[in-house]
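J.: This is the structure, below, for whatever I ask next.
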């Protein structure tokens, strides 16, 4: 039987699943300001789509910088997050809050 992490990575290879997963992580961040959970979600999507080494090639960012940025101690700059998201095929989006 496969473990949950392997199952999750398989699911996150699907673009729509990855978008939903990252959006839920952002919603959770809005509730509790826990950036670690969002960075973990982004790291998991990265692993499902080729890993840090491939991401480093796509972004032209240093692997160690990416590991550090996506770690639970990471505090990446907005430009780094944007670069990572673009390399994964995503972008930031702003939506109105529900009243």
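The values are calculated or read from the model by the stated rules, or taken from the named source; none is laboratory data. Quick caveat: nothing in here was measured; it's all calculated off a predicted structure. All Cβ positions, glycine included, derive from the backbone under ideal geometry; neighbour counts span all protein chains shown.
J.: Those residues that are farther than 23 Å from residue 11 by Cα and surrounded by 17 or more Cβ atoms within 10 Å (Cβ to Cβ), I need them from segment 60-75; list them, please. Outline the logic, then answer.
T.: At the first step, the residues of segment 60-75 found to be farther than 23 Å from residue 11 by Cα are 60-65, 68-69, 73-75.
61, 69, 74 - these are the residues of segment 60-75 that are farther than 23 Å from residue 11 by Cα and surrounded by 17 or more Cβ atoms within 10 Å (Cβ to Cβ).
J.: In the set 21, 29, which member is without any contact (Cβ under 8 Å) to a residue 12 or more places away in the chain, buried (at least 16 other Cβ atoms within 10 Å of the Cβ) and assigned to a helix (DSSP H, G or I)? Lay out the reasoning, then the answer.
T.: On the way: 21 fails: without any contact (Cβ under 8 Å) to a residue 12 or more places away in the chain.
After applying the criteria, what remains is 29.
J.: List pairs: first in segment 32-53 and under 20 Å from residue 17 (Cα atoms), second surrounded by 14 or more Cβ atoms within 10 Å (Cβ to Cβ) and at pLDDT below 90, Cβ under 6 Å, 6+ apart or cross-chain?
T.: Hits for this filter: 39/74.
J.: Could you check how many residues of segment 55-67 are free of Cβ contacts under 8 Å to residues at least 12 places away in the same chain and either within 11 Å of the chain's Cα centre (by Cα) or outside any helix (DSSP H, G or I) (or both)?
T.: Residues meeting the conditions: 2.
J.: Same structure, new question: Which residues, counting only those in segment 76-99, are surrounded by fewer than 14 Cβ atoms within 10 Å (Cβ to Cβ) and either touching a residue at least 24 places away in the same chain (Cβ under 8 Å) or outside any loop (DSSP other than H, G, I, E, B) (or both)? Please lay out each step first, then the result.
T.: Our first condition is that a residue be surrounded by fewer than 14 Cβ atoms within 10 Å (Cβ to Cβ); within segment 76-99, this holds for 77-79, 86, 89, 91-99.
Listed by number, the residues that qualify are 78, 79, 86, 89.
J.: Condition first: part of a helix (DSSP H, G or I) and at pLDDT 90 or above. Now tell me which residues in segment 1-18 satisfy that. Reasoning before the result, please.
T.: Initial filter on segment 1-18 (part of a helix (DSSP H, G or I)): 4-12, 15-18.
Listed by number, the residues that qualify are 4, 6, 7, 8, 9, 10, 11, 12, 15, 16, 17, 18.
J.: If residue 52 satisfies all but one of (1) in a loop (DSSP other than H, G, I, E, B); (2) surrounded by 15 or more Cβ atoms within 10 Å (Cβ to Cβ); (3) touching a helix residue (DSSP H, G or I) at 6+ places or on another chain (Cβ under 6 Å), what's the number of the condition it fails?
T.: Here residue 52 clears every test but (1).
J.: Taking the residues in segment 3-18 that are in contact (Cβ under 8 Å) with a residue 40 or more places away in the chain and more than 11 Å from the chain's Cα centre (by Cα) as candidates, determine which candidate is nearest to residue 67 (Cα to Cα).
T.: 8
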